[in-house]
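Report on the structure given below.
The values are calculated or read from the model by the stated rules, or taken from the named source; none is laboratory data. Small disclaimer: the values here were computed from a predicted structure and weren't measured. Note that each Cβ is placed from the backbone with ideal geometry, even for glycine, and that neighbours are counted across all protein chains shown.
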Amino acid sequence: MDAGDDRDDFAVVLVHGAVHGAWCWAPTLPHLQADSRVRSVVALDLPGHGENRSIPDDDITLDNYVATVVDAVDSADLRNIVLVGHSLGGITITPAAHQLSDRLARLVYLTTTCPPAGKSVNDLLVEETRPAFRMGMDMPTIFCTDFDDDQREWLTSRLGNEPMGPFTTPVTIERPPAAVEAIYIRCQRDEALSAAYQTEHAERIGAEIRSLDAGHSPFVTHPAELTALILGGL
């Protein structure tokens, strides 16, 4: 967990995607913390990721992911929150938002998967606009399409495993709370989740689409531009 000092208005909470951890936000943290609108920044390790080994991988559920976010917000008494989820993090921030709606200023979906109610992320891999790894590309390759060599080594050396429970659990809540602003950052050069896939999911949840000329991991390659999109208009 990483936090900035007291500033002005917003608390930014960052939720990583599959096989990542809180570490993945490191290149973007200084940009968020330097913004005068930001009071604090918190990057979470979901169970089974990074430093969070509180639950055996085989026992981890989507509810555990959601509870981790809600508990972190409650324990720090965060308010006026910008809640950001990357990739698989979309299935975590939506239900978390329904528990935290009175504390949220904005939801940010960063090239996320957002299944319809009754479907799991795993179910969506058969769709026409399916993620590229369904077609045989390995995850490090599709995560790092716009990386230089140093960035690729930094990210791929830290990737871990992904518990299957959250991946295969049908979601029960499809859309974010109506009263909370939701934006979707569509990464135009993403080869993990195509632009068409992202557009479909953004439209399903009713989020405003903001585009970024980046691959799947802009927190590494485009931290300043990503920060501007996350905070833009606040």
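Pairing residues of the stretch 213-234 that are surrounded by fewer than 21 Cβ atoms within 10 Å (Cβ to Cβ) with residues that are among the basic types (K, R) and not in a helix (DSSP H, G or I), at Cβ distances under 7 Å and at least 6 apart in sequence or on separate chains, gives D213/R189; L229/R210; L231/R37; L234/R37; L234/R106.
On inspection, R39 does not qualify as assigned to a loop (DSSP other than H, G, I, E, B), on the phi < 0 side of the Ramachandran plot and of a type in the set (D, E, K, R). Restricting the stretch 82-137 to residues that are assigned to a loop (DSSP other than H, G, I, E, B) and at pLDDT below 90, which is surrounded by the most Cβ atoms within 10 Å (Cβ to Cβ)? So the residue we want is P131.
Return yes or no: is F147 of a type in the set (F, W, Y), in contact with a Leu (Cβ under 9 Å, 6 or more places away or on another chain) and modelled with pLDDT of 90 or more? Yes, satisfied. Regarding the stretch 178-191, can at least one residue be identified that is at pLDDT below 95 and either of a type in the set (D, E) or surrounded by 16 or more Cβ atoms within 10 Å (Cβ to Cβ) (or both)? Within the stretch 178-191 (the criterion being at pLDDT below 95 and either of a type in the set (D, E) or surrounded by 16 or more Cβ atoms within 10 Å (Cβ to Cβ) (or both)), the answer is yes, since at least one residue qualifies.
Within the stretch 163-189, the set of residues being assigned to a strand (DSSP E or B), touching a Ser or Thr at 6+ places or on another chain (Cβ under 7 Å) and more than 23 Å from G50 (Cβ to Cβ) comprises R186 only. Restricting attention to the stretch 192-219 and to residues that are touching a Ser or Thr at 6+ places or on another chain (Cβ under 8 Å), aliphatic (A, V, I, L, M) and part of a helix (DSSP H, G or I), the residue that is modelled with the highest pLDDT turns out to be I205.
Being part of a helix (DSSP H, G or I), in contact with a Lys or Arg (Cβ under 9 Å, 6 or more places away or on another chain) and over 25 Å from Q151 (Cβ atoms), is that true of even one residue in the stretch 42-51?
Within the stretch 42-51, not a single residue is part of a helix (DSSP H, G or I), in contact with a Lys or Arg (Cβ under 9 Å, 6 or more places away or on another chain) and over 25 Å from Q151 (Cβ atoms).
Scanning the stretch 45-58 for residues that are in contact with a strand residue (DSSP E or B) (Cβ under 7 Å, 6 or more places away or on another chain), buried (at least 17 other Cβ atoms within 10 Å of the Cβ) and under 24 Å from G232 (Cα atoms) turns up nothing. State whether the residues of the stretch 138-157 include one that is under 16 Å from the mean Cα position of the chain (by Cα) and part of a loop (DSSP other than H, G, I, E, B). No: the stretch 138-157 contains no residue that is under 16 Å from the mean Cα position of the chain (by Cα) and part of a loop (DSSP other than H, G, I, E, B). Of the residues making up the stretch 25-37, one or more are polar (S, T, N, Q) and crowded, with 21+ Cβ neighbours inside 10 Å.
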